[in-house]
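**Q** My questions will all concern the structure given below.
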Amino acid sequence: MQYPSPFYFPVEPPTAIDQIDLCTNVLPLEVATSDEFRLRQGLIRLRKAVVLGKDISKDWQKWHKAAMRSQDHVESRRKKLPIVEYPELPVSNRADEIKELIQNNQVVVIAGETGSGKTTQIPKICIESGRGVRGLIGHTQPRRIAARTVAERIAEELKTPLGSAVGYQVRFADKTSSESIIKLMTDGILLSEIQRDRYLTKYDTIIIDEAHERSLNIDFLLGYLRNLLIQRKDLKLIITSATIDVEKFSAHFNNAPVVEVSGRTYPVEIIYSGPEMFDGERNQEIVNCLRDIQENQSQGDVLVFLSGEREIREASLALRRAQLKHTEIVPLYARLTLAEQSKIFKPHKGRRVILSTNVAETSLTVPGIRFVIDTGRARVSRYSFRTKVQRLPIEAISQASANQRAGRCGRVSDGVCYRLYSSEDFDARSPFTDPEIVRTNLAAVILQMLHLRIGDIRAFPFIDPPDNRLINDGYKLLEELQAVTASGKMTSIGKQLVGLPVDPRFARMILEASGNGSLLELIIITSGMSIQDPRERPGDKQQAADLAHKQWQDTDSDFMSLLNMWNHFEEKRQDLSTGQYSKYCRSQYVSFVRMREWRDLHHQLHRACRELQLKENFNLADYSAIHRAILSGLLGQVGVREDKWEFLGTRNRKFFVFPGSGLSKKPPKWIMASSLMETSKQYALNAAKIDSEWLESLASHLVKKSHSEPFYHHRSGQVMAKERQTLFGLEYC
């Protein structure tokens, strides 16, 4: 790309207003985005001084020096831009059209199927459009592994070392430098940067990738950026998405132009089944489809979409009983170990049948798939504001998800998709999957918005505004944590919670621990609860895994089990080499990668606590102190045992202790739980024994007292009554 010659700011101080106005107008073309605001404010002050007839010689000299330094920095970046070449991909054929749209519009929406090349080529098109010179090209990904692998791919294509012109930043890893032009990152990293830099001045372009996933982070970023674009006319926004509801993205940004790019796809034949069937019939229908493939179709692997792990186990058993010849059955779901997940990429003989949850719908691309069997169902996480329970019901998938699934068998050749439901059923389904923001608790989002002072969440420009009842529920949880007042104003506790990079409930526990001498233990426990459980249960070695994990199990508290596990592995880590430690983790059925992630988050939390000047304990905390601190964040998650196994909780909820808990064989009278999850039953996850007397001091701002049956007390000569104390409807005293 040909760049215009740089504008030279006059060395001599301007004597007329129009000279200063000219400098103001060229700032967005000449200086770094990170310097522009400061230099613009300087020109405003200088302009006022000229109007008043003041001498600006000294002030102009300082301003000119800063402007030239910024201009030289921009020119240096321009000279170091890598040479852009495009591989043979569908999006490459549209590069000139996309480049022109980026140059002429503030927002561009690019829709393309997997395989179109949009993720790796759009940042390169941005460079050719003149972006990445005054600031970074920020490129967000929903997952850490994607941020890293995409950065590696782009760096390889631009023939530059990773970390120089192309870098990435994810939680606990920053592989960028002052020379970086393109920065890959998770959407969570960009959100955290907003806290430090509300105007995102490091960036001249932002690419929000995989926007169709509509996660809470993506929806918040899109709303925030819509407001920011009004204030930063120089900022460009590019939204990339699968071809799912792209018109909604366009309408949200004042009918921004849309470019649709085809993927590397082949025709897919859709074969519909009969009416809705029961689970047993469904497994038999999968067997029938596989027999049809064996008898009538060519070679190729089969991807079967099921709703959960239990359904995968049942289908696997049915397929093994069917004794299909030359067929390998492989499960695929998120909780599998990395080694087990990697089986799908290894070469094999015969036909491979992969039984998967919706993890293979968008998160993983399974190679060699010629056939898809779609049961049409998935587990969807939904938060109930009435019961305060996160549910995982099995639901019919949307039309968009069904089409994504069908597209998985059209990557290498013509494909066939067997849908185990009728065409009428498909037509009656919702066009799109509900975005996360309309089915999750909003407390963390509300707290961040209050901290950033960006107005009422009800007026925030979300693409799909959340239900007012969900918003009210979020405020109530923050009030329970004493993070906001009854009128919704942020408290001093709330301001501290924002500084801790964990869920508000966990952050509240840490603050309480600072005051009662259990901070070190709570940093370990809360960081452990914030990552995916490191304990693994391979399908073929579940008993051995359970036996290995039992050594850390505490029969009174699952939180103490986490603490025991941390202490055990920290001791081993210090005694063993990295290789030996990794092998030891595997021998104990614990993920080495997740243990490392736990340790990284622990360090991050520890630093945050020091910045907040929270008080560390020098002696080991006792059970009471640790669990009082935990209880401060879980006041709405307590329950009393009514019979041998069932508990009555707050808000009249009934639940059971999860079977994998250390408390399941002998449940105590009173417990608290980190969450309640509804599957086949309502279960308390991560539970611990508590003393109901702890509630009086910790929940004093929530307890309701009532008096009844007044009577005259002869000895004291006073009228007395029976007092009843309830916490969210649960009587505890």
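Bear in mind that the values in this text are calculations on the coordinates, not laboratory data. Nothing here was measured: the structure is a model prediction, and the numbers come from that model. Every residue, glycine among them, receives a Cβ derived from its backbone with ideal geometry; neighbour counts consider all protein chains shown.
**Q** Taking the Cβ-Cβ separation of Y266 and S381 as r and a Förster radius of 41 Å, what is the calculated FRET efficiency to the nearest 0.05?
**A** Working: r = 33 Å, r/R0 = 0.81.
Rounded to the nearest 0.05, the efficiency is 0.80.
**Q** Extending each Cα 7 Å along its Cβ direction at T15 and L702, get the distance between those two points in nm, one decimal.
**A** Label-label distance for T15 and L702, simple model: 7.2 nm.
**Q** A follow-up question, please. Can you put K65, K118 in order of Cβ neighbours within 10 angstrom, beginning with the fewest?
**A** K65, K118
**Q** Taking the simple approach of a point 7 Å from Cα along Cα-to-Cβ for both S298 and A251, what is their distance in nm?
**A** 4.2
**Q** Would you please state which residues of the range 212-229 a label at R143 would reach in this model, taking the label point 7 Å out along Cα→Cβ and a backbone N cut-off of under 20 Å?
**A** Taking a point 7 Å out along Cα→Cβ of R143, the residues of the range 212-229 whose backbone N falls under 20 Å are 212-219.
**Q** Per residue of the range 14-19, what does 6.51 cos²θ - 1.76 cosθ + 1.60 with θ = phi - 60° give for ³J(HN,Hα)? Whole Hz please, x for Gly and Pro, Karplus curve as stated.
**A** Karplus-based 3J(HN,Hα) across the range 14-19 equals x, 10, 10, 5, 5, 5 Hz.
**Q** Also: Quick one: dipole size for the range 1-90, taken about the Cα centre, charges +1 on Lys/Arg Cβ and -1 on Asp/Glu Cβ, in debye to the nearest 20.
**A** In total the dipole reaches around 460 debye.
**Q** Right, another one. For the range 375-468, which trypsin sites (Lys or Arg not before Pro) are in a loop by DSSP, counting at most 13 other Cβ atoms within 10 Å?
**A** Of the trypsin sites (Lys or Arg not before Pro), the ones in loops of the range 375-468 whose Cβ has at most 13 other Cβ atoms within 10 Å are R386, R453.
**Q** Also, I was wondering about something else. For the chain, with the dipole built from +1 on Lys and Arg beta-carbon atoms and -1 on Asp and Glu ones, taken about the Cα centre, which of G494, L306, S273 lies farthest toward the positive end?
**A** Farthest along the dipole direction, towards plus: G494.
**Q** What net charge is computed for the residues neighbouring I397, neighbours being all others with C-beta under 12 Å from the C-beta of I397, Lys and Arg scored +1, Asp and Glu -1?
**A** Values: positive: R377, R379, R405, R419, R429; negative: E361, D374, E395, D425, D434.
With Lys, Arg at +1 and Asp, Glu at -1, the neighbours total 0.
**Q** Can you work out the FRET efficiency for the pair D456 and K550, with r the C-beta to C-beta distance and R0 = 56 Å, to the nearest 0.05? Don't skip to the end; give the middle numbers.
**A** On the way: r = 50 Å, r/R0 = 0.89.
Efficiency at R0 = 56 Å is approximately 0.65.
**Q** Moving to a separate point now. Mind checking Rg over Rh on the range 90-261, alpha carbons, Kirkwood formula for Rh? Present the calculation step by step, with values, prior to reporting the outcome.
**A** On the way: Rg = 14.4 Å, Rh = 15.7 Å.
Taking Rh as the inverse mean 1/r over Cα pairs, Rg/Rh reads 0.92.
**Q** Could you please state, rounded to a whole Å, how far the C-alpha centre of the range 589-660 is from the C-alpha centre of the range 118-147?
**A** After rounding, the separation between the Cα centres reads 39 Å.
**Q** Here is a further query. Work from the charge dipole of the range 90-261 (Cβ charges, +1 for Lys and Arg, -1 for Asp and Glu, about the Cα centre) and give the residue of Q195, P90, L225 farthest towards its positive end.
**A** Q195
**Q** Under a point-charge model restricted to the Cβ atoms of Lys and Arg (+1) and Asp and Glu (-1), what is the dipole moment magnitude of the range 583-733 relative to its Cα centre, in debye to the nearest 20?
**A** Dipole about the Cα centre, nearest 20: 460 debye.
**Q** As an exercise, use a Förster radius of 45 Å and the Cβ-Cβ distance of T24 and S587 to find the FRET efficiency, rounded to the nearest 0.05. Provide the component values of the computation, followed by the final result.
**A** Numbers: r = 66 Å, r/R0 = 1.47.
After rounding, the FRET efficiency stands at 0.10.
**Q** Same structure again: I want to verify the translational diffusion coefficient of the range 17-79 in µm²/s; compute it with Stokes-Einstein, Rh as the Kirkwood radius over Cα pairs, at 20 °C and 1.002 mPa s.
**A** Rounded to a whole number, D works out at 178 µm²/s.
**Q** From the backbone phi of the range 288-296, what are the Karplus-calculated ³J(HN,Hα) couplings (6.51 cos²θ - 1.76 cosθ + 1.60, θ = phi - 60°) in whole Hz, Gly and Pro given as x?
**A** Result, ordered by residue: 4, 5, 5, 5, 5, 5, 4, 7, 10 Hz.
**Q** Placing +1 at every Lys and Arg Cβ and -1 at every Asp and Glu Cβ, with all other atoms neutral, what dipole size does the chain have around its Cα centre, in debye to the nearest 20?
**A** Numbers: 102 positive and 90 negative charges, 281 e Å.
My answer is approximately 1340 debye.
**Q** Please report, for the Cα atoms of the range 647-723, the Rg to one decimal and the Dmax as a whole number; what are they, in angstrom?
**A** Cα only, the range 647-723: 17.9, 56 Å (Rg, Dmax).
**Q** If one computes the Cα centroid of the range 439-475 and of the range 665-697, what distance in Å separates the two points?
**A** 28
**Q** What is the spin-label model distance, in nm, from D414 to D540 if the labels are put 7 Å beyond Cα along the C-beta direction?
**A** So the two model labels end up 3.7 nm from each other.
**Q** For T119, T578, what's the fewest-to-most ordering of other Cβ within 10 Å of each Cβ?
**A** With the sparsest Cβ surroundings first, the list reads T578, T119.
**Q** May I ask what percent, to the nearest 5, of DSSP beta bridges between residues of the chain are antiparallel?
**A** 40
**Q** Further question on the same structure: Please give the calculated 222 nm ellipticity per residue for the chain, where each DSSP H segment of at least 4 residues contributes -39500 (n - 2.57) and the sum is spread over every residue; nearest 500 deg cm²/dmol?
**A** Per the formula, -12500 deg cm²/dmol.
**Q** Also: Out of the chymotrypsin sites (Phe, Trp or Tyr not before Pro) in the range 587-679, which ones are loop residues according to DSSP with at most 12 other C-beta atoms within 10 Å?
**A** Taking the range 587-679 and a limit of 12 other Cβ atoms within 10 Å, the loop chymotrypsin sites (Phe, Trp or Tyr not before Pro) found are F618, W645.
**Q** Using 0.36 nm per residue of separation minus the Cα-Cα distance, give me the extension gain between K58 and R607 in nm, one decimal.
**A** That pair, K58 and R607, stretches by 193.4 nm at full extension.
**Q** Could you give each residue of the range 559-571 its phi-based ³J(HN,Hα) in whole Hz, using Karplus coefficients 6.51, -1.76, 1.60 with θ = phi - 60°, and x for Gly or Pro?
**A** Couplings: 5, 5, 4, 4, 4, 4, 5, 4, 4, 4, 6, 5, 5 Hz.
**Q** Would you grab the residues whose amide H sits under 5 Å from the one on D554? Only those 5+ places off in sequence or on another chain, please, with H modelled 1.01 Å from N.
**A** Excluding prolines and chain starts, which carry no amide H, the hits are S561.
**Q** Follow-up. Could you give the length gained on full extension between I394 and K65, defined as 0.36 nm per residue of separation minus the Cα-Cα distance, in nm?
**A** 112.1 nm
**Q** Under the √(5λ) rule applied to the eigenvalues of the Cα gyration tensor, what semi-axes describe the equivalent ellipsoid of the range 509-620? Give them in Å, descending.
**A** Result for the range 509-620: semi-axes of 27, 16, 12 Å.
**Q** Another question, then. Which of the trypsin sites (Lys or Arg not before Pro) found in the range 141-242 are in a DSSP loop and have at most 12 neighbouring Cβ atoms, other than their own, within 10 Å?
**A** Sites meeting the loop and neighbour criteria: K159, K233.
**Q** On to the next question. What is the set of long-range amide H partners of Q169 at a cut-off below 5 Å, with H atoms built 1.01 Å from backbone N?
**A** Amide H neighbours of Q169, under 5 Å, 5+ apart: K175, L184, M185, T186.
**Q** Please report, in whole Å³, the volume per residue of the convex hull around the C-alpha atoms of the range 278-434. Don't jump to the answer; show the numbers that get you there.
**A** Numbers: hull volume 20.0 nm³, N = 157.
Cα-based convex hull of the range 278-434, divided per residue, equals 127 Å³.
**Q** What translational diffusion coefficient, to the nearest whole µm²/s, does the chain have by Stokes-Einstein, given a Kirkwood radius computed over alpha-carbon pairs, a temperature of 37 °C and 0.692 mPa s viscosity?
**A** The Stokes-Einstein estimate is 113 µm²/s.
**Q** Measuring from centroid to centroid over Cα atoms, what is the spacing of the range 226-250 and the range 284-301 in Å?
**A** Taking the Cα centre of the range 284-301 as reference, the centre of the range 226-250 is 44 Å away.
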